[in-house]
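First comes the structure, then the notes that go with it.
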Amino acid sequence: MDFSQIADLELQSALQAQFRKTYGVGFTNVFIAITEHKGELLFTPFDQAQDVDLTLLEAPRTARLLARSGASRNVSSNSETNTLPHVAFYINVNRSISDQECTFDNSWLWKNDKGSRSFCKDANISLIYRVNLERSLQYGIVGSATPDAKIVRISLDDDSTGAGIHLNDQLTYRVFKADYATLDAYFREWSTDAIAQDYRFSFNALNNKAQILKTFPVTNVNANFERKEVSGFELGVSGGVEADKNGPKAKLEAKASYTQSRWLTYNTQDYRIERNAKNAQNVSFTWNRQQYATAESLLNRSTDALWVNQYPVDVNRISPLSYASFVPKMDVIYKASPKETGSTDFVIDSSVNIRPIYNGAYKHYYVIGGHQSYHGFEDTPRRRITKSAIFTVDWDHPVFTGGRPVNLQLASFNNRCVEAGIKGVLKARVCDKQNAAQSFIYDQDGRYVSASDTQLCLDGEALEALQPCNSNLTQRWEWHEGTDELSNVHTKEILGHNKQSGELGLYTANSDTVSLRTITSYTDVFNVQESSPILGFAQGEVSHQRVGQNNKIYVRSGAAIDAIGTASTLLVGGTGGSLQTVDLQNLKAIKAIAGDFYGGQQLVELTFTYRDGSQKVLGSKKSATNTHAESFEIPNGRQVQQLKIWADDWLVKGVQFDLN
């Protein structure tokens, strides 16, 4: 998207507002690259055309993204079940760190004489934040009920992250000597390439409409903390496809709770994590160097004879985390009132505090001899490099109702649905389940709220166009049980349509020209469940395979999952274990257990649950440690069509099931 060519600022602002309404998120930047990441939209905002990474635009789109390229709204994350209506997308935070920004004096002692250099090589900030927009409905007893709130969740978890923050591939040094004779003074100095004194990540909501509900980590974390953690959040939901016998005819209400999990793997090494919440809108996480935090602490020797000329710094005390491809992990959840309107700007600041390392040798002279002592310098320069990402959340987006969008199909036509056009004018158009103009939320009051404008509702008093939502009974509708008749609460008449034009009206009986049958079904404006989460780990070589007409896959398993394929001749992985077939027909759910197994992270167990209650378990979790489980529910009527398999030549690391 290029807004820079629009000279009229009012028009530019209007188009940016339309962008926000379409996707549920907006940006103040004049350029926005819209590409794909893990089957979802990836937004890369930037302000100058030369800043864009052209390789982003050259990447091929998958069939899934191509299939929905004409949709008027973003759809769901590939890592949530169809239980939770939500909009998911990724924000690409990318900034190169120039040589000039990483240039410091070669010498701290003789800074005016030794020149300067860049202490970094190919430095950059490259992170991909995952954002979820969703609604939690109040469900449960007082004291333990789920929150009734609009939710914005921002994560850097194991399923996103990006390339990380990079300063150097390795650490090198240079040595400098005094240009004059010395007796009792510094006479030699070493300058080592730059490391990160700290990494800082700040999240800020720019108005009081949103407040921080939960974060992970919840407290400070010490150095050398190594663990895979789960950040869970329980929401009240209206239920999945089969949660109510009335299906799309059911009014919006909380019927269940759903735990949405994010996996975060920590290995803090030299750094401790400091959490700082300034107020209800702002929180920051700082990876602050705790071990070997000073130049002095990096010395592996204290004194030497004067003739010794050896680099005194032990660079092995500096973990690669300090300079090469650092990837943080965190999770921030904001809430807003269920009645909140308007918008909120969210700012994410990602920064690194760069420092060079300076050490010197001091000559001690005492007439009959001398020696040298080694020292580190701390009053040296630091330079913080920051990349900010700003996005705007539209609180009026239909996802924040918490309902699953439905359509209203005119039964006398083979393929015509009610569509809201300009100014809400209602027409009969060819049905399109990815068209927001044909989608409605059947809310808790029995109103049909437009998914393209949540301020407009279907009103029995004026069926030629949608009307501003209010409490009038003419905007309330009820389905006659066991029929396809939609009744207006105020008039008790049935919603009908002209069999020739599709024009809507209220009637008491069918006729040669009028039909009272209205069909409703779920649409895919958001919450299209296309793929499972990556069950296990996205490590090793990835293989894409389409399921054959026999609807079976083949699995080798024993103490773990050895190999998977869509045919016995297409197995990916190792040759161990016994070969079994898995029938994918009538499949209800897939559960995977992954963990540490003989020195690596592996997929160790798969459980396939069928709609008749039977199960098939392959592999075993008995020999694995640090295990975690993930599940994927398959909507009724959907079928696994293809697989992504991550494996080496020994075992399977992970698998993803695609319903496309």
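Looking across segment 372-402, the residues that are of a type in the set (A, V, I, L, M, F, W, C) and part of a strand (DSSP E or B) come down to 385, 389, 390, 391, 393.
Going by what's in this entry, would residue 88 be described as crowded, with 23+ Cβ neighbours inside 10 Å, assigned by TED's automatic domain parsing to the domain that holds residue 348 and farther than 26 Å from residue 382 by Cα? Answer is yes for this residue.
Here residue 164 clears all of (1) at negative phi; (2) under 19 Å from the mean Cα position of the chain (by Cα) except the condition numbered (1). Only one entry in 653, 622, 616, 644 is basic (Lys, Arg), surrounded by fewer than 22 Cβ atoms within 10 Å (Cβ to Cβ), in the same structural domain as residue 580 (by TED's automatic domain parsing) and under 24 Å from the mean Cα position of the chain (by Cα), namely 644. The set of residues in segment 283-336 being in contact (Cβ under 8 Å) with a residue 40 or more places away in the chain, of a type in the set (Asp, Glu) and surrounded by fewer than 20 Cβ atoms within 10 Å (Cβ to Cβ) consists of 296, 304. Count, please, the residues in segment 528-563 that happen to be of a type in the set (A, V, I, L, M, F, W, C), assigned to a strand (DSSP E or B) and under 23 Å from the mean Cα position of the chain (by Cα). So the count comes out to 2. Identify, please: which residue in segment 461-482 is in a loop (DSSP other than H, G, I, E, B) and touching a helix residue (DSSP H, G or I) at 6+ places or on another chain (Cβ under 8 Å) and is, among those, surrounded by the fewest Cβ atoms within 10 Å (Cβ to Cβ)? Among those that are in a loop (DSSP other than H, G, I, E, B) and touching a helix residue (DSSP H, G or I) at 6+ places or on another chain (Cβ under 8 Å), it is 461. Tell me, yes or no, whether segment 391-399 has at least one residue that is within 11 Å of residue 450 (Cα to Cα), touching a strand residue (DSSP E or B) at 6+ places or on another chain (Cβ under 8 Å) and of a type in the set (S, T, N, Q). No, segment 391-399 contains no residue that is within 11 Å of residue 450 (Cα to Cα), touching a strand residue (DSSP E or B) at 6+ places or on another chain (Cβ under 8 Å) and of a type in the set (S, T, N, Q). Of all the numbered requirements in (1) part of a loop (DSSP other than H, G, I, E, B); (2) over 20 Å from residue 351 (Cβ atoms), residue 316 misses one, and that requirement is (1). Across segment 564-578, a minimum of one residue is classified as part of a loop (DSSP other than H, G, I, E, B), at positive phi and either aliphatic (A, V, I, L, M) or in the same structural domain as residue 646 (by TED's automatic domain parsing) (or both).
Could you check, for segment 441-451, whether at least one of its residues is farther than 21 Å from residue 493 by Cβ and of a type in the set (S, T, N, Q)? Within segment 441-451, one or more residues are farther than 21 Å from residue 493 by Cβ and of a type in the set (S, T, N, Q). Checked against the criterion of being more than 17 Å from residue 159 (Cβ to Cβ) and surrounded by fewer than 23 Cβ atoms within 10 Å (Cβ to Cβ), the candidates 97, 128 yield just one match: 97.
Residue-level analysis places residue 122 among those that are loosely packed, with under 15 Cβ neighbours inside 10 Å and at pLDDT 55 or above. Screening residue 259 with (1) within 30 Å of residue 384 (Cα to Cα); (2) under 27 Å from the mean Cα position of the chain (by Cα); (3) among the β-branched types (Val, Ile, Thr) gives one miss only, at (1).
For segment 403-446, residues that are touching a Gly at 6+ places or on another chain (Cβ under 9 Å), assigned to a loop (DSSP other than H, G, I, E, B) and over 27 Å from residue 20 (Cβ atoms) total 3. Here residue 361 clears all of (1) assigned to a strand (DSSP E or B); (2) at pLDDT below 95 except the condition numbered (2).
Considering only residues of segment 388-420 that are among the β-branched types (Val, Ile, Thr) and out of contact with any helix residue (DSSP H, G or I) (no Cβ under 8 Å at 6 or more places or on another chain), which is surrounded by the fewest Cβ atoms within 10 Å (Cβ to Cβ)? The qualifying residue surrounded by the fewest Cβ atoms within 10 Å (Cβ to Cβ) is 390. Within segment 117-126, one or more residues are touching an Asp or Glu at 6+ places or on another chain (Cβ under 9 Å) and without any contact (Cβ under 8 Å) to a residue 24 or more places away in the chain. Taken over segment 510-567, the criterion of being crowded, with 17+ Cβ neighbours inside 10 Å, more than 28 Å from residue 40 (Cα to Cα) and of a type in the set (D, E, K, R) is satisfied by 517, 556, 562.
Here residue 571 passes the criteria (1) surrounded by fewer than 21 Cβ atoms within 10 Å (Cβ to Cβ); (2) free of Cβ contacts under 8 Å to residues at least 60 places away in the same chain except the one numbered (1).
Among the residues of segment 163-175, those that are crowded, with 19+ Cβ neighbours inside 10 Å and assigned to a strand (DSSP E or B) comprise 165, 166. Within segment 614-660, the set of residues being of a type in the set (A, V, I, L, M, F, W, C) and part of a strand (DSSP E or B) comprises 617, 618, 629, 632, 643, 645, 646, 647, 652, 655, 657.
The values are calculated or read from the model by the stated rules, or taken from the named source; none is laboratory data. On a predicted model such as this, the values are computed, not experimentally measured, just so you know. Cβ: placed from backbone, ideal geometry, glycine included. Neighbour counts: every protein chain shown.
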